[in-house]
Amino acid sequence: MSEPKDYSNLPTMSPLGAPLDWAWLRGAKSEWGVHPKPSPRGLTMLDIASGSYGEVPDHPAHRSMAPRGADIEAGTPDMGYILNDKADVWAENTRELYEEAVARQWSATRDIPWGELRELDDDVEHAMCQLCTLLTEVEMIAADLPAKWMWRMNHEFIEAKMFLCTQIMDEARHAEVFRKRALANGGGLLLSRNGATSLLRTIIEAKSYTQATALMHLLGEGFVLDLFRMGELIAPSDVEKRIFRMCMQDEARHVAYGTMHIRYSVEHDPDVAEEIHEALDHGEMVLTEFGTAPDVSTALAVLLAGGVEHVEDKGFPLSLEMTKKQFTSYLARCERAGISRVERTKIPLDLLGIDIESIRSAGRAA
Amino acid sequence: MRIDSLPFFAALAAEMNSHPERYQPLGEADMDVVVVMRDEPERPFAVRCAFEGIRCEHVVEVDADSPCEYRLDGPRAAWQAMFDDIAARGRATGLQTINSLALLGDDIRLGGSDPMGLDKFSRFNQTLQEFFDGASRVLAMEVAP
C-alpha cells in the first residue's frame with residue numbers, strides 16, 4: 001500500500017463557499033488495510049469477514065444504518081430497530097448461505113424448458129393447476145414475512161438481512177414459476193380456499209421474528225421443501241420435475257437458515273424456546289388442517305396416481321407416505337435446531353409410523 | 001469400467017472439473033458425499049466425493065460408514081440401472097434421477113445423522129445430478145474406438 005500523503009494543506013471551503021470535511025481522509029478511526037484475500041471462487045462475504053469487519057456484536061451500540069465497522073458520527077439517528085440482539089436474527093451459516101444463494105440463482109423464464117410441455121389428461125392438468133394455484137399463493141409468504149421484519153433488524157446484522165433479500169427474490173421466482181406453469185399448458189389458476197390464507201395469516205401475525213421464523217422456515221418451508229422433493233413423483237413431465245428441483249434447492253437454503261437461526265437463538269437465550277414451542281403448537285395444528293384439506297389432498301393424490309383412475313389404490317397411499325416423510329424431516333430439523341418436539345407435538349407419530357429414535361439421533365448429531 | 005471402482009469416480013470428477021461451463025450456471029456447491037454400492041453384503045464399495053465450488057476436489061475410497069454430510073447407499077444393481085439410463089439417454093430420466101431414487105428409498109437410500117447435512121442433498125441436488133450425468137461421457141469414451 002502506498003505511503004499516506006501530506007493532507008494538512010487541503011482547502012477548507014469549496015469554490016462555491018461551502019465548508020469541506022476531510023475527516024474521512026485523515027481522521028477516521030475505523031480499521032484500515034485489512035486486505036482480505038479472494039478465495040478461488042472470488043471475494044466472498046466470508047473472505048471479507050476479517051478483522052473488526054467480521055465481528056458481529058451481540059448487542060450493537062448503534063441503531064442506525066451506518067455500515068458495521070465504519071467510524072460512526074455521534075448523534076446518528078435511531079432507525080427504530082427492535083431486533084437489536086444478535087440472537088434475534090443470526091445464524092452461523094448466514095454468510096455461506098448468502099453466497100450460495102447469489103451463486104445459485106436461476107430464471108423461471110430461461111431455465112425451464114417451457115417448450116417441452118405436452119398436453120396432459122384433463123384430470124392431471126387440473127390437479128397440476130390446482131397445486132400451482134396453491135403454491136403461487138403460499139410461496140409469497142416467505143417473501144412478505146422477511147420483508148415485514150427486515151426493516152426492524154439492526155443494521156449491524158447486515159449479512160442476515162442480505163440473506164433474507166435473496167430469500168425474497170427466490171420466493172418471487174417461485175410465485176412466478178408456478179403461476180407460469182398454471183397458465184402455460186392450456187389450464188389456469190383454480191380454487192384458492194380459506195385454509196391456505198388461515199395458515200399464512202398465522203405465520204405473518206407471529207408476535208416475534210423468532211416465532212415467525214420457526215413457523216415459516218422450520219415448519220412451513222420445511223414442509224414445502226419436502227413437497228418439492230416429492231415433485232419427482234408428482235410431476236407429470238420433465239418440465240414440472242425441473243421446476244420442483246430448482247425450487248427445492250432454494251427452499252433448502254431457507255430451511256437451513258431457519259434451522260440454524262433457531263438453534264443460535266435458543267443457545268443464546270434459552271427462554272425463547274418456550275416461545276417457539278407455543279408458536280409451533282399452534283402452527284402444527286393449522287398446518288395439519290391445511291395439509292389434510294380435501295382440495296389439497298385430492299389434487300396431490302391425483303398427481304401421485306397419474307390420474308383419477310388409481311387415486312385410491314396408488315394416490316392416497318403414496319400421499320400418506322409423503323406425509324410421513326414430511327413430518328419425519330420436520331421433527332428431525334426441530335431436534336437439530338435444539339427444540340425437540342417429540343414429547344410435545346400433537347402430531348400422531350404412532351399413527352403415521354414415524355421412527356422416534358431416528359428423529360432423536362438428529363439432535364445428537366448437532 | 002466397473003461403476004463400483006475408484007477409477008470410475010475419478011473419471012466422473014475429472015469430467016466435472018474439465019467442464020466448468022456445465023456447473024457454473026448451477027452455482028457453487030460445497031458438500032461431502034459418500035456413495036455406497038453393495039454387491040456382496042460384507043464388502044461394499046464406498047467412495048467419498050468432496051465438492052467445492054464447481055469442482056469435485058477429492059474422490060477417495062472409504063469405509064461404508066465413514067462420516068460425511070450425507071450418504072447414498074444402495075445395491076450395485078440399482079446404481080448400475082441408474083448409470084445405464086444415463087449412458088443410454090445422456091442424462092438420468094424418469095425415476096432414474098438420484099432425487100427419485102433416494103426419495104422412493106426402495107433401493108438407494110439417502111442417509112446421514114445430521115438434518116443439515118441431509119438437506120445439502122436438496123440444496124445442491126442439480127449439481128450432484130450433473131455430476132452423475134457426466135457418466136454418459138465417461139462411459140462413451142470408454143467404448144469409443
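Give, as a single signed number, the net charge of other residues whose beta carbon lies under 15 Å from the beta carbon of residue B:46, with Lys and Arg counted +1 and Asp and Glu -1.
Details: positive: B:2, B:38, B:43, B:48, B:71, B:76, B:109; negative: B:4, B:32, B:39, B:40, B:42, B:61, B:63, B:65, B:69, B:73.
Net charge around residue B:46: -3.
Spherically averaged projected area of the convex hull of Cα atoms, the range A:241-338: 7.0 nm². Ranked for footprinting exposure by Cβ neighbours inside 10 Å, fewest first, A:165, A:132 give A:165, A:132. Sorted into 5 angstrom bins from 0, the C-alpha pair distances of the range A:72-158 split as 2, 9, 10, 15, 16, 12, 10, 8, 6, 5, 3, 1, 1, 0 percent. Helices of chain A meeting both criteria, an alpha-carbon length of 18 angstrom or more along the long axis and an average Kyte-Doolittle score not below 1.6, with helices taken as full DSSP H segments, do not occur. Among the residues of B:103-115, the average count of other protein chain beta-carbon atoms within 10 Å of the residue beta-carbon is 4. Legend: mean number of C-beta atoms from other chains within 10 angstrom of residue C-beta atoms, peptide B:87-97, equals 1.
The mean sequence separation of alpha-carbon pairs under 8 Å and at least six residues apart, normalised by the residue count of the range A:37-133, gives a relative contact order of 22 percent. Each Cα pair under 8 Å and six or more residues apart adds its sequence gap; the mean of these over the residue count of the range A:131-207 is a relative contact order of 50 percent.
Going by a ≥ b ≥ c, the root eigenvalues of the Cα gyration tensor, does the range A:145-217 fall in the rounded group (a/c under 1.5), the prolate group (a/b larger than b/c) or the oblate group?
In terms of gyration-tensor shape, oblate.
Quote the relative contact order of the range B:46-143 in percent (integer), defining contacts as alpha-carbon pairs under 8 Å separated by 6+ residues.
On the way: 115 pairs, mean separation 27.4, N = 98.
Relative contact order here is 28 percent.
Where does each of A:87-96, B:72-81, A:220-229 land if you order them by average Cβ count within 10 Å, highest first?
Working: A:87-96: 21.0, B:72-81: 18.7, A:220-229: 25.3.
Put in order of decreasing packing, that is A:220-229, A:87-96, B:72-81.
Bridgeable lysines around residue A:346 (alpha carbons under 18 Å apart, same-chain partners fewer than 8 residues away excluded): A:324, A:325. Around the Cα centre of the range A:60-119, unit charges on the Cβ atoms of Lys, Arg, Asp and Glu (plus for the first two, minus for the last two) sum to a dipole of about 80 debye. In sequence order, the range B:86-103 has phi-based couplings of 4, 5, 6, 10, x, 7, 5, 10, x, 8, 9, 6, 5, 5, 5, 4, 6, 5 Hz under the Karplus curve 6.51 cos²θ - 1.76 cosθ + 1.60, θ = phi - 60°, and Gly or Pro positions carry x. Think of each Lys and Arg Cβ as +1 and each Asp and Glu Cβ as -1; about the Cα centre, that makes the dipole of chain B roughly 340 debye.
Per-residue shielding of A:100-109, expressed as the average number of other chain Cβ atoms within 10 Å of the residue Cβ, stands at 3. The peptide list A:293-304, A:53-64, put in order of mean Cβ contacts within 10 Å with the highest first, becomes A:293-304, A:53-64. Quotient of the Cα radius of gyration of the range A:1-136 and 2.2 N^0.38 Å, N being its number of residues: 1.78.
Taking a ≥ b ≥ c as the square roots of the eigenvalues of the Cα gyration tensor, an a/c ratio below 1.5 marks chain B as rounded. Estimated from helical segments only, the mean residue ellipticity of chain A at 222 nm is -17000 deg cm²/dmol, where each DSSP H run of four or more residues counts as -39500 (n - 2.57). In chain B, helical runs assigned H by DSSP with n ≥ 4 each contribute -39500 (n - 2.57); averaged across all residues and rounded to the nearest 500, the mean residue ellipticity at 222 nm is -12500 deg cm²/dmol.
Rg over Rh for the range B:79-133 works out to 0.98, using Cα positions for both radii and the Kirkwood form for Rh. With Cα atoms defining each centre, the range A:131-148 and the range A:152-199 are spaced 4 Å apart in the structure.
Throughout, read-outs are computed from the coordinates displayed, never taken from laboratory work. Since the structure is predicted, the reported quantities are computational estimates derived from the model, not experimental observations. Note that each Cβ is placed from the backbone with ideal geometry, even for glycine, and that neighbours are counted across all protein chains shown.
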